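First up is the structure itself, then whatever we jot down about it.
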């Protein structure tokens, strides 16, 4: 991937890393709990996105490890905390991009993939969550 494409992917991720938490933080308890297919609720959609972002960040952070990492789970907190969880996990992923090239092999659950594949997938999940909200 060209440097411009990697930068555009980062910019897209940064924009949704602001939008999605803001939208989640602005929802009432009823809206956070409301069905949001394919998720049980908007809070569940946010939590799922936070988990994808956290896994991607961990895969980039531990890319030099010889073995697949023991994947950490994002804890399930109150519905009102989910916006902050998305913000923190997105920030962590964006921080890991600084020292990573698009073609670097990084960990993903069960395998290694290129950094661009992992980040593209995480960015797509975050964008899909934004569209749900």
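For the reader, a short list of remarks on this structure follows.
- Looking only at residues in segment 57-75 that are part of a loop (DSSP other than H, G, I, E, B) and surrounded by 14 or more Cβ atoms within 10 Å (Cβ to Cβ), the one that is nearest to the chain's Cα centre (by Cα) is 74.
- Residue match in segment 108-117 (condition: out of contact with any strand residue (DSSP E or B) (no Cβ under 6 Å at 6 or more places or on another chain), closer than 24 Å to residue 39 by Cβ and either modelled with pLDDT under 95 or assigned to a helix (DSSP H, G or I) (or both)): yes
- Residue 69 vs. criteria within 23 Å of residue 110 (Cα to Cα) and touching a residue at least 24 places away in the same chain (Cβ under 8 Å): yes
- Pairs with Cβ under 6 Å, 6+ apart, first in segment 73-89 and in contact (Cβ under 8 Å) with a residue 40 or more places away in the chain and on the phi < 0 side of the Ramachandran plot, second surrounded by fewer than 19 Cβ atoms within 10 Å (Cβ to Cβ) and outside any loop (DSSP other than H, G, I, E, B): 83/25
- Any chance residue 32 is under 17 Å from the mean Cα position of the chain (by Cα), part of a helix (DSSP H, G or I) and under 22 Å from residue 127 (Cβ atoms): no
- Restricting attention to segment 93-107, the residues that are surrounded by fewer than 17 Cβ atoms within 10 Å (Cβ to Cβ) and either within 13 Å of the chain's Cα centre (by Cα) or assigned to a helix (DSSP H, G or I) (or both) add up to 2.
- When the test is whether a residue is touching a helix residue (DSSP H, G or I) at 6+ places or on another chain (Cβ under 9 Å), touching a residue at least 60 places away in the same chain (Cβ under 8 Å) and crowded, with 18+ Cβ neighbours inside 10 Å, residue 54 does not pass it.
- Unmet requirement for residue 87, which otherwise passes all of (1) surrounded by fewer than 19 Cβ atoms within 10 Å (Cβ to Cβ); (2) in a helix (DSSP H, G or I): (1)
- Any hit, segment 80-96, residues being touching a helix residue (DSSP H, G or I) at 6+ places or on another chain (Cβ under 6 Å) and over 30 Å from residue 26 (Cβ atoms): no
The values are calculated or read from the model by the stated rules, or taken from the named source; none is laboratory data. Since the structure is predicted, the reported quantities are computational estimates derived from the model, not experimental observations. Ideal geometry is used to build each Cβ from the backbone, glycine not excepted, and the neighbour counts take in all protein chains shown.
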